[in-house]
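Asker: Would you mind keeping the following structure in view while I ask a few things?
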Amino acid sequence: MPYQVTIEETGERYTCGEQENLLIAMARSGRRGIPVGCRGGGCGVCKVEVTAGDYETRAMSCQHVTEEDRAERRLLACRVFPRGDVSVKVLGKMHKAVCTNAGLRPTEKTKI
C-alpha cells in the first residue's frame, strides 16, 4: 500500500510503498538534486526529521544519528520505511538541495 510523504518546506508530496525507503521514493518521484550518498545509513547526507506519521527504521550510523536525534525523530531517509502517511522536514545537505531546487532560501533554524 503506498503512503503519502509530504516535504514540509515545499509542500511537495510523493508516494512511498511499505517496502521502499523515503529516499528512494523521493528520488523516484523525479526530484532533481537529491543527495543519495551511500543508501545504507552510513554517510548521513539524507537526514530528515519525521514530524508526523508512523515508520520503521533500519540500522544507521550512530556517527550521523545520535540517541538524541532518534528521540527527536531526526533520521536518515534511506533507513526510514513508512507505515502510514508521513511528513518530513529536510535537514543538512538534503535541506540545501530541496530548498534550492524549489527556489526557497535555506534557513539557519532548519539546518542541523
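Computed from the coordinates by the stated procedures, all read-outs in this text should not be read as laboratory data. Quick caveat: nothing in here was measured; it's all calculated off a predicted structure. Quick reminder, even Gly has a Cβ in these numbers, built from the backbone with ideal geometry, and neighbours come from all protein chains shown.
Asker: Can you tell me what share of the DSSP beta bridges in the chain is antiparallel? A percent to the nearest 5 is fine. Could you put the intermediate results ahead of the total?
Answerer: Numbers: 14 of 17 bridges.
Restricted to the chain, the bridges split so that about 80 percent are antiparallel.
Asker: Report, by chain and number, residues whose modeled amide H sits under 5 Å from the one on Glu9, excluding near sequence neighbours (fewer than 5 apart, same chain).
Answerer: Answer set, sorted by chain and number: Val90.
Asker: Next up: Any number yet on Rg/Rh for the chain, C-alpha, Kirkwood?
Answerer: Working: Rg = 12.5 Å, Rh = 13.6 Å.
Rounded to two decimals, Rg/Rh equals 0.92.
Asker: Then there is this: Highest mean first, what order results for 38-44, 61-67, 85-91 on Cβ atoms within 10 Å? Working shown, then result.
Answerer: Numbers: 38-44: 17.3, 61-67: 13.0, 85-91: 20.9.
Ranked from most to least packed, the peptides come out as 85-91, 38-44, 61-67.
Asker: How high is the relative contact order of the chain? Use alpha-carbon pairs under 8 Å, at least six apart in sequence, and give a whole percent. Write out the running numbers ahead of the final one.
Answerer: Details: 225 pairs, mean separation 36.1, N = 112.
Dividing the mean separation by the residue count of the chain yields 32 percent.
Asker: If you place +1 on the Cβ of every Lys and Arg and -1 on the Cβ of every Asp and Glu, how big does the dipole about the Cα centre of the chain come out, in debye to the nearest 20? Each step should come with its number before you reach the end.
Answerer: Details: 18 positive and 14 negative charges, 96 e Å.
Rounded to the nearest 20 debye, it is 460 debye.
Asker: Full-extension gain between Val36 and Asp85, please, as 0.36 nm times their residue separation minus the C-alpha to C-alpha distance.
Answerer: Numbers: separation 49, 0.36 × 49 = 17.64 nm, distance 2.18 nm.
Full-extension gain reported as 15.5 nm.
Asker: Can you give the calculated 222 nm mean residue ellipticity of the chain, where each DSSP H run of n ≥ 4 adds -39,500 (n - 2.57) and the sum is split over every residue, rounded to the nearest 500 deg cm²/dmol? Intermediate values should be presented prior to the final figure.
Answerer: Details: 3 runs with 22 residues, N = 112.
Helix-only estimate at 222 nm: -5000 deg cm²/dmol.
Asker: Now a separate question. Order these by the 10 Å Cβ neighbour count, fewest first: Glu68, Glu49. Mind dumping the intermediate values first?
Answerer: Working: Glu68 8, Glu49 18.
Fewest to most other Cβ atoms nearby, the residues stand as Glu68, Glu49.
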